Amino acid sequence: MGLVKYHYDNKIVRNFLVATSVWGLVGMLGGLLVALQLVFPEANFAEYFTFGRLRPVHTNAVIFAFVGNGIFAGVYYSLQRLLKTRMWSDALSNINFWGWQLIIVAAALTLPLGYTTGKEYAELEWPIDIAITLMWVVFGLNMFMTIIKRRERHLYVAVWFYIATFVTVAMLHIVNSFELPISFLKSYSWYAGVQDALVQWWYGHNAVAFFLTTPYLGLMYYFIPKASNRPVYSYKLSIIHFWALIFIYIWAGPHHLLYSALPDWAQSLGVVFSVMLIAPSWGGMLNGLLTLRGAWDKVRESATLKFMVVAVTCYGMATFEGPLMSLKNVNAISHFTDWTIAHVHVGGLGWNGFLTFGMLYWLIPKIFQTKLFSKSAANFHFWIGTLGILFYAIPMYFAGFTQSLMWKEFTAAGFLRYPNFLETVLEIKWAYALRAFGGALYIVGAVAMVWNLWKTAKSGSLLANEPAEAYELEKNVTHKGGHWHRWIERRPVQMLVLSLVLVAIGGIIEIVPTFLVSSNIPTIENVKPYTPLELHGRDLYIKEGCYTCHSQMIRPFRSETERYGEYSKAGEFVYDHPFQWGSKRNGPDLHRIGGKYPDSWHYHHMIDPTSMSPGSIMPTYEHMETNTIDTSMTDEKIRAMQTLGVPYPEGYDLMANRDLVTQADSIVNNLKKDNIQITSDAELVALIAYLQRLGTDIKGKK
């Protein structure tokens, strides 16, 4: 067993650190713009820069560009040192880096152009989904081969979280991304309605769990002990934290669909496991904070540790609040409101953002062999960033409570006190303005950080290949004694397989019955497939990101059935590829909008929303009057729907455009009666057809 000299690859770490800094600013600026658009509707200044198209740009940039690059930077740095070896392949490291950046650029180009699947956090179209899969495999292969050739027998707790992240994100992405392509940048989800909603939020919630949480817990377990020069508080607690978290987390997705058309048994499973999540989540938080016992003087002196302490505290707050919001009586208040936005951003700005900042402040001086350029600038960043979080989150909590109370309030005579949804929007514009101010403060801090780290790097030189040495592992050596968990720590393949089994159990038990047991989705005879024109209109609804502001799910509350009509049934969505239930109401629910207003109302509302709803913050969609639908794709769309099980008659694809023209001409003639001139192939005509169809298969109260 000889001593081996080798070099750590710091260049790849530097590349990912630069990327996370640059994309972080881009994603945050995008968030600031969409926040301002809810205060100043005129900030929706072009077809490609409306709220509906930019919100997915913001979420994808923050999650996959900012946080994603932060994950890769932290993993590539810590993994080499924890395993006492260089990454297995420099080529794969670089392919991972450049491939991920190209994916981000592709997302930044396609989403504003309206190429989207319409599924939150999974909006990217099928060619980009394939690219994501390939890059994730490149990352996983490089990571796992590095683990295999390690010079450290036991795998440290951070590596456990990296392994679970890789295998679970791969499973989530592949299952949720089953789609049927019909052109280069257009596809339909393989799932429909209730099934699609369950798969999407199984993915969506666990994208938060296994992309925004588990890898960052791995980084926490590495960087907090390193930055504080203290050992992890409890090895046993880390074992419980890891295995309990990855098993329980995967079940929690249905809590996004409480009081919806999802079967009650699936909703109940989501609630039970969400509440159970408090224990492992807080176990991890306490393990992180208690690691700093006896090191609080260092915390006061170090901006890096201050960022990390607040990050872990925000993690604790968010992981207490999440289970709280999954209780059905609390979810009845919080869902569709800005409370959810506050909750998400406590995690995003505090947990992910601040831990990334702390990691950056610790790593850049290390790999550039110098001291941080300005401690005062770092402390300024910490305090203004903390203020930014407070100015962001607190107004959103007030906004959420206000929305829910106003939506549900009745007069003494039994009528809705605020029947006009717009009243609830105008009441909270002050909160949206403060939210934008808080976001601006947060960005000012991030800009100060980028300047500070750039000056730090300029004052030193990159140690691209850091020398190190370690003894080779002895072959075929059996170690007896010690903690029982050491057995699994020495066997990365078994750990990967066991992690996959544990995370797959919840998904299988929750998802499979909705496909195999027909009673979970009762059929409704009156529900018919969309007409060709309505199908085009639905695609335009998704293209414009209308689902980011409107829901199509009326919950069985008196306040909602009085406001919108009959509550939504599972069987109404069987032809919806993808589902469009939404997750936030900046505008009213639309599931029963069909037939409520004449065609001319919809026309004027889309061209100038304030003409129908004075004070509206909705963007204008004048471009839809001149843009034309692509009828050459109608036959492909019909054939795709037939493949997905929608019962159009055989050969209908060849005559679909005939019916499309007939229905479009009918709408055009209706508009002419109100002195509105528009061509029958205009996008707006198709959208009106879709809106007028919504909810009309079941006649309820309007």
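The values are calculated or read from the model by the stated rules, or taken from the named source; none is laboratory data. Everything numeric here is computed off the predicted structure, so don't read it as measured data. Cβ sites come from the backbone with ideal geometry, for glycine too, and all protein chains shown count toward neighbours.
Candidates Lys366, Lys328: the one that is of a type in the set (D, E, K, R) and over 25 Å from Val208 (Cβ atoms) is Lys366. Taking the criterion of being part of a helix (DSSP H, G or I) and among the aliphatic types (A, V, I, L, M), the residues of region 532-559 that qualify are Leu533, Leu535, Leu540, Ile542. Of the residues Thr610, Thr634, the single one that is in contact with a helix residue (DSSP H, G or I) (Cβ under 6 Å, 6 or more places away or on another chain), β-branched (Val, Ile, Thr) and part of a helix (DSSP H, G or I) is Thr634. Of the residues making up region 106-115, none is more than 23 Å from Leu25 (Cα to Cα) and in contact with a strand residue (DSSP E or B) (Cβ under 6 Å, 6 or more places away or on another chain).
When the helices (runs of 4 or more DSSP H) confined to region 369-479 are screened for residues that are of a type in the set (Gly, Ala, Ser) and not assigned by TED's automatic domain parsing to the domain that holds Leu590, those reaching at least 2 such residues are found at 375-408, 429-459. Can you tell me which residue among Tyr76, Tyr48 is of a type in the set (Ser, Thr, Tyr) and either buried (at least 24 other Cβ atoms within 10 Å of the Cβ) or modelled with pLDDT under 95 (or both)? The unique qualifying residue is Tyr76.
The sole residue among Met553, Met618, Met633 that is touching a residue at least 60 places away in the same chain (Cβ under 8 Å) and under 18 Å from Ala664 (Cα atoms) is Met633. Please enumerate the residues belonging to region 33-92 that are in contact with a helix residue (DSSP H, G or I) (Cβ under 7 Å, 6 or more places away or on another chain) and outside any helix (DSSP H, G or I). Residues satisfying the conditions are Leu38, Val39, Asn44, Thr85, Arg86, Met87, Trp88, Ser89.
Yes/no per residue for (1) over 26 Å from Tyr603 (Cβ atoms); (2) without any contact (Cβ under 8 Å) to a residue 12 or more places away in the chain:
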site: Val517; (1), (2): yes, yes
site: Pro522; (1), (2): yes, no
site: Pro529; (1), (2): no, no
site: Leu533; (1), (2): no, no
site: His536; (1), (2): no, no
site: Ile542; (1), (2): no, no
site: Cys546; (1), (2): no, no
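For region 1-36, a residue qualifies if it is farther than 24 Å from Leu102 by Cα and more than 20 Å from the chain's Cα centre (by Cα), and the qualifying residues are Met1, Gly2, Leu3, Val4, Lys5, Tyr6, His7, Tyr8, Leu36.
Exactly one residue among Leu141, Leu124, Leu155 is closer than 30 Å to Thr304 by Cα and either out of contact with any strand residue (DSSP E or B) (no Cβ under 7 Å at 6 or more places or on another chain) or free of Cβ contacts under 8 Å to residues at least 12 places away in the same chain (or both), and that residue is Leu155. If you go through region 301-315 and keep only what is more than 9 Å from Phe357 (Cα to Cα) and touching a residue at least 24 places away in the same chain (Cβ under 8 Å), you end up with Ser302, Ala303, Leu305, Lys306, Val310, Ala311, Val312, Thr313, Cys314, Tyr315.
Residue-wise test of (1) buried (at least 16 other Cβ atoms within 10 Å of the Cβ); (2) at pLDDT 95 or above; (3) under 36 Å from the mean Cα position of the chain (by Cα).
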site: Trp601; (1), (2), (3): no, yes, yes
site: Tyr621; (1), (2), (3): yes, yes, yes
site: Asp630; (1), (2), (3): no, yes, yes
site: Pro647; (1), (2), (3): no, yes, yes
site: Glu650; (1), (2), (3): no, yes, no
site: Gln677; (1), (2), (3): no, yes, no
site: Ala682; (1), (2), (3): yes, yes, yes
site: Tyr690; (1), (2), (3): yes, yes, yes
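Within region 580-602, residues that are without any contact (Cβ under 8 Å) to a residue 24 or more places away in the chain have Cβ atoms under 7 Å from residues that are of a type in the set (Lys, Arg) in no pair, counting only partners at least 6 apart in sequence or on another chain.
Every residue, every condition in (1) of a type outside the set (Gly, Ala, Ser); (2) surrounded by fewer than 21 Cβ atoms within 10 Å (Cβ to Cβ); (3) under 28 Å from Ala207 (Cβ atoms); (4) in contact (Cβ under 8 Å) with a residue 24 or more places away in the chain, yes or no:
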position	(1), (2), (3), (4)
Thr340	yes, yes, yes, yes
Phe354	yes, no, yes, yes
Lys366	yes, yes, no, no
Ser376	no, yes, no, no
Tyr392	yes, no, yes, yes
Tyr397	yes, yes, yes, yes
Val425	yes, no, no, yes
Gly438	no, no, yes, yes
